[in-house]
Amino acid sequence: MIWRWGPSALLCLLCLAGVMHRLGGPAPAERANRQRPAPPEAVALLDGLQVGEKLAGWTVLGITGPLERVLRIDVAHDDIRFSISVAARGVVEYPAPRTTQMYDLYYGHPHPRDTEIPESATRAIMAGIERRVRRNEASVEVPGMSPDTAP
């Protein structure tokens, strides 16, 4: 009797394993690297920005990176979240909405997906981060963010 269920059970287990792998996302090492807290130099570049601080009414949830020469600042307001990226100049191939002498600033990664982030929020938060970076970019070098660092 058990031999009759063997192939079906094996197929179900393989499908379940595939779904679990997909839902699990990236490997644990990759997830840990992606969510690595930013070093003190990154906080200094951002003029002391801290988790829990408010930017234009949005709360900073985290500052991570650099990963591939990009710092990520996650912000939230109510149930909406999005990210601001501070990338070494020229790392991202798309035109940046804001730039400084050494860095390009982007926004994205809305959560929930397909959420439209109010333009006033992105404009105000990015302007604030741009001011912070401009104040410090000449005197603060963030490891892994210099223009000559290989991606």
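The values are calculated or read from the model by the stated rules, or taken from the named source; none is laboratory data. Please read these numbers as outputs of a predicted model, since none were measured by experiment. Please note: Cβ atoms are built from the backbone with ideal geometry, for glycine as well, and neighbour counts cover all protein chains shown.
If you go through the stretch 90-131 and keep only what is among the hydroxyl-bearing types (Ser, Thr, Tyr), outside any helix (DSSP H, G or I) and under 18 Å from the mean Cα position of the chain (by Cα), you end up with Tyr94, Thr99, Tyr103, Tyr106, Tyr107, Thr115. Any residue at all in the stretch 94-114 that's under 21 Å from Glu41 (Cα atoms), surrounded by fewer than 14 Cβ atoms within 10 Å (Cβ to Cβ), among the small types (Gly, Ala, Ser) and in the same structural domain as Val43 (by TED's automatic domain parsing)? Checking the stretch 94-114: not a single residue is under 21 Å from Glu41 (Cα atoms), surrounded by fewer than 14 Cβ atoms within 10 Å (Cβ to Cβ), among the small types (Gly, Ala, Ser) and in the same structural domain as Val43 (by TED's automatic domain parsing). Kindly list the number of the only condition in (1) in the same structural domain as Val70 (by TED's automatic domain parsing); (2) farther than 24 Å from Ala76 by Cβ; (3) in contact (Cβ under 8 Å) with a residue 40 or more places away in the chain that fails for Thr122. Condition (2) is where Thr122 drops out. Total residues in the stretch 77-108 satisfying the condition of being farther than 19 Å from Arg132 by Cα and free of Cβ contacts under 8 Å to residues at least 24 places away in the same chain: the figure is 5. In the stretch 49-68 there is no residue matching the filter, namely being under 17 Å from Arg134 (Cα atoms) and β-branched (Val, Ile, Thr).
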